[in-house]
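Peer 1: Structure in C-alpha cells, see below.
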Amino acid sequence: MEIKNIYTQQLEFFNSNQTKEVSFRIEQLQKIKSVLIAHEDEMYTAIYEDFGKSKFDTYSAEFSLLYHEINIFIKNIKSWSKRRRVATGMANFPAKSYIIPEPLGVTLVIGAWNYPYQLSLLPAITAIAAGNTVMIKPSELPSRTAAVMAKIINENFPSKFLYVVEGGVETTTELLNHRFDKIFFTGSIPVGRIIYQAAAKLLTPVTLELGGKSPTFVLADADLKTTAKRIVWAKFFNAGQTCVAPDYILVEKKIEEEFLKTLAATITEFYDLKNGLTENYVQIVNDKNFDRLAKLIDREKLYFGGEMDAAKRLIHPTILQNVNFEDPVMEDEIFGPILPVLSFTNLDQAIAAVKDRPKPLSCYIYGKDRTQIDKILSEVSFGGGAVNDSIMHLSNSNMPFGGVGFSGMGSYHGKYGFDAFSHYKSILDKPTWLEPNVKYAPYTDFKLKLIKWMLG
Ligand code: NAD
C-alpha cells in the first residue's frame with residue numbers, strides 16, 4: 001500500500017478521536033499481546049534464520065520486555081491519561097488549573113536491527129498506550145524478521161491505526177516527507193542526524209535513541225569473578241551487537257593481569273564455539289559488519305579469541321589488551337564481540353579521557369569504594385548505567401531509558417515513554433463571578449501596588 005494513503009488514513013482516523021479512548025487503547029494493547037503470543041514461534045524462526053538468535057535470547061531480550069511494558073501500560077493508562085489538578089496561585093484567583101495529557105497524533109517509529117522486534121514494537125506499543133496512531137519502519141537488514149512483523153501486524157490491525165512499512169533508505173526518505181506528529185528513531189548517530197534534519201524541516205518532535213562507546217570502569221577493589229561474569233555476559237550477548245554493551249574496559253593497572261585472566265576463563269566457561277555456532281551465541285548480522293569488525297582485531301594486541309568464520313559470519317568473543325585511545329578500535333562504537341581493555345593508574349585521568357569523547361549511552365562501574373563510584377557518577381555524563389552490573393538498568397521500567405548528547409535525546413520505558421508520545425495541555429479554568437479589573441487600563445498607582453503584592 002502506498003505510504004501517502006496510509007498516512008492520510010491515519011490522519012483521518014486520529015482525527016476521529018477513537019484512539020483517545022482509554023478502553024480502545026487497552027483493547028489494542030491486549031490484542032497486540034495475544035497476536036505476539038500466537039506468533040512467537042514464527043518470530044523465533046525468522047530471527048534465528050536472520051542471524052542465529054536463539055529462542056532464549058529472543059524471549060529474554062525482546063518478548064519479555066514487550067509483555068512487561070504492555071502490562072504496565074494496561075495497568076496505568078487510565079490514571080496517566082486523567083487530567084491532573086495543580087495549584088493556581090493568587091494572580092488567577094478564583095480559577096482552577098489542570099493539565100490534560102493528550103496524544104500527539106500520527107507517529108512514526110523507525111527501528112534498528114539488533115533487537116528488531118523490541119526496538120520497533122516497544123516504541124509503537126508506547127505510542128498506542130498514549131493514544132496515537134503508528135507507522136513502523138523496521139530495519140530492513142534482518143529481512144525475515146521485518147517480513148514476519150509486517151505480516152502479523154498488517155493482517156491483524158487496520159492500516160489506519162497501526163501499520164508496518166517494509167523497506168530501506170528509500171522508504172524511510174519517503175516517509176520523512178510526511179508531517180508526522182512525532183518521530184521515534186533508534187539507530188546510529190549518522191542516520192540520527194539525517195532524521196533530525198528531516199524532522200526539523202517540518203518541526204516534528206523527535207526522540208533519538210542512538211549509540212556510542214560505553215565505557216566500563218573496573219576499580220581495584222572489584223569482585224573480579226562476578227565482575228567478569230557480568231561483563232562477559234553483557235558484552236557477548238547478541239555477539240556484542242547491543243547499543244548498551246560495554247564497549248571498552250578501563251581497568252586499574254594493578255589488577256589488569258588478574259582481570260584479563262578471569263575474563264578469559266569466564267568466556268571459556270560460557271561459550272564453547274570450537275564446533276561453530278551454538279544456541280548460546282549469535283552471528284554478525286551481515287557481511288559488511290563482519291568485514292568491518294574483522295579489521296578491528298589488531299593481532300598484535302590480541303589477548304584472547306580472534307577466531308572467525310566468514311561463511312557463518314561468526315566472530316568468537318575476543319579481548320584486546322594494551323589498547324590506547326588512538327587505536328582504530330577506539331574510534332567508533334564497536335557493535336561486535338571485540339572487547340578492548342585499557343588500563344589506568346590515575347582515576348582522574350581515566351575520567352578526563354572519557355569526558356574528552358562524546359557522551360556515551362551507558363557507563364558501568366565495578367568496584368566497592370563508594371567515593372570512587374560516586375566520583376565517576378557525578379563527573380561523567382552518560383545516558384544511564386549501572387554499578388556492579390551492565391545492561392540490566394534498561395529492564396527497570398521505573399527509570400527513563402535514553403541517551404544524552406551524541407548518544408541521543410529523549411527517553412522512554414514506562415511512564416517516560418508515555419510522556420514521550422504525549423503533549424501536556426495546560427488549562428486555566430476561570431469563573432466569571434469575580435472580575436477585579438486590576439489588570440485593565442487605565443493603570444493607576446494603586447493598581448500597580450496591588451499587582452506587586454499579588455505577583456511579587
Ligand atoms: P542505522 O542507523 O543504520 O539504521 C536504523 C534505521 O534507519 C533503519 O530502519 C534503517 O533502514 C534506517 N536508515 C538507514 N540509513 C538511512 C538513511 N540514509 N536515511 C534514512 N533512514 C535510514 O542503525 P542500525 O545499524 O540498524 O543499528 C545500529 C545502531 O543503532 C548502533 O549505533 C546502536 O548503538 C544503535 N542502537 C541504539 C539503541 C538505543 O536504544 N539507544 C538501540 C539499538 C541500537
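Here, each number is a calculation from the coordinates, and none is a lab measurement. Quick caveat, the model's predicted, so the values are computed rather than measured. Because the Cβ atoms are built from the backbone with ideal geometry, glycine has one as well, and the counts that use them run over all protein chains shown.
Peer 1: Which order do 135, 308, 399 fall in if you start with the one that has the fewest other Cβ atoms within 10 Å?
Peer 2: Ordered from fewest to most neighbouring Cβ atoms within 10 Å, 135, 308, 399 come out as 399, 308, 135.
Peer 1: Lys and Arg at +1, Asp and Glu at -1: add these up for the other residues within a Cβ distance under 13 Å of residue 216 and post the number.
Peer 2: 0
Peer 1: Taking a quarter of the surface of the Cα convex hull of the stretch 381-445, what do you get in nm²? Walk me through the numbers on the way to the answer.
Peer 2: Numbers: hull surface 39.2 nm².
If I average the Cα hull's projected area over directions, I get 9.8 nm².
Peer 1: Still on this model: Taking a quarter of the surface of the convex hull around the Cα atoms of the stretch 331-456, what do you get in nm²?
Peer 2: It is 15.1 nm².
Peer 1: Moving to a separate point now. Give me 58, 262 ranked fewest to most by other Cβ atoms within 10 Å of their Cβ, as a rough exposure proxy.
Peer 2: 262, 58
Peer 1: Another one. Would you give the gap between the C-alpha center of the stretch 372-448 and the C-alpha center of the stretch 90-135, rounded to a whole Å?
Peer 2: The distance from the Cα centre of the stretch 372-448 to that of the stretch 90-135 comes to 14 Å.
Peer 1: Please compare each pair in 225/301; 213/235; 33/53; 261/301; 75/96; 33/235 to a cut-off of 18 Å on the Cα-Cα distance and tell me which ones are over it.
Peer 2: Pairs exceeding 18 Å: 225/301; 33/53; 75/96; 33/235.
Peer 1: I would also like to ask the following. What residues qualify as long-range amide H neighbours of residue 95, i.e. H under 5 Å apart, gap of 5 or more or another chain, H built at 1.01 Å from N?
Peer 2: Residues meeting the amide H criterion: none.
Peer 1: Using only the alpha carbon atoms of the stretch 215-401, find the Kirkwood hydrodynamic radius as the inverse mean reciprocal pair distance, in angstroms to one decimal.
Peer 2: Averaging 1/r across every pair of different Cα atoms and inverting gives 16.7 Å.
Peer 1: How much FRET efficiency would the formula 1/(1 + (r/R0)^6) give for residue 225 and residue 287, where r is the Cβ-Cβ distance and R0 is 41 Å, rounded to 0.05?
Peer 2: Rounded to the nearest 0.05, the efficiency is 0.65.
Peer 1: Turning to a different aspect of this structure: Return one quarter of the surface area of the convex hull spanned by the alpha-carbon atoms of the stretch 162-319, equal to its mean projected area, in nm².
Peer 2: Spelled out: convex hull of the Cα atoms, projected over all directions, averaged, 12.3 nm².
Peer 1: Over all alpha-carbon pairs in the chain, figure out the percentage whose distance exceeds 36 Å.
Peer 2: Across the chain, Cα pairs with separations above 36 Å total 36 percent.
Peer 1: Could I ask something else about it? Just to be sure I understand the model, the point goes 7 Å from the Cα along the line to the Cβ. What's the resulting residue 97 to residue 433 distance in nm?
Peer 2: The modelled label-to-label distance comes out at 2.2 nm.
Peer 1: For the stretch 307-382, just say rounded, prolate or oblate: build the C-alpha gyration tensor, square-root its eigenvalues into a ≥ b ≥ c, call rounded for a/c under 1.5, and beyond that prolate if a/b exceeds b/c, oblate if not.
Peer 2: prolate
Peer 1: Give the residue list of GluC sites (Glu not before Pro) in the stretch 237-326 that are DSSP loop and have at most 10 other beta-carbon atoms within 10 angstrom.
Peer 2: Those satisfying the criteria are 326.
Peer 1: Between beta-carbons, use under 10 Å as the cut-off and find the net charge around residue 55, counting Lys and Arg +1, Asp and Glu -1. Show your work: numbers first, answer last.
Peer 2: Numbers: positive: 53; negative: 40, 41, 57, 279.
Combined, the nearby Lys, Arg, Asp and Glu give -3.
Peer 1: Separate question: For residue 20 and residue 371 in one chain, what is 0.36 nm times their gap in residues minus the Cα-Cα distance, to one decimal in nm?
Peer 2: Contour length minus the Cα-Cα distance gives 121.5 nm.
Peer 1: How far apart, in nanometres, would the label points at residue 392 and residue 299 be if each is projected 7 angstrom from Cα along the Cα-to-Cβ direction?
Peer 2: 4.0
Peer 1: How about the stretch 63-112: which trypsin sites (Lys or Arg not before Pro) there are in a DSSP loop, with at most 16 other Cβ atoms within 10 Å of their Cβ?
Peer 2: Details: sites: 75, 78, 82, 83, 84, 85, 96; in loops: 82, 83.
Hits after loop and neighbour filter: 82, 83.
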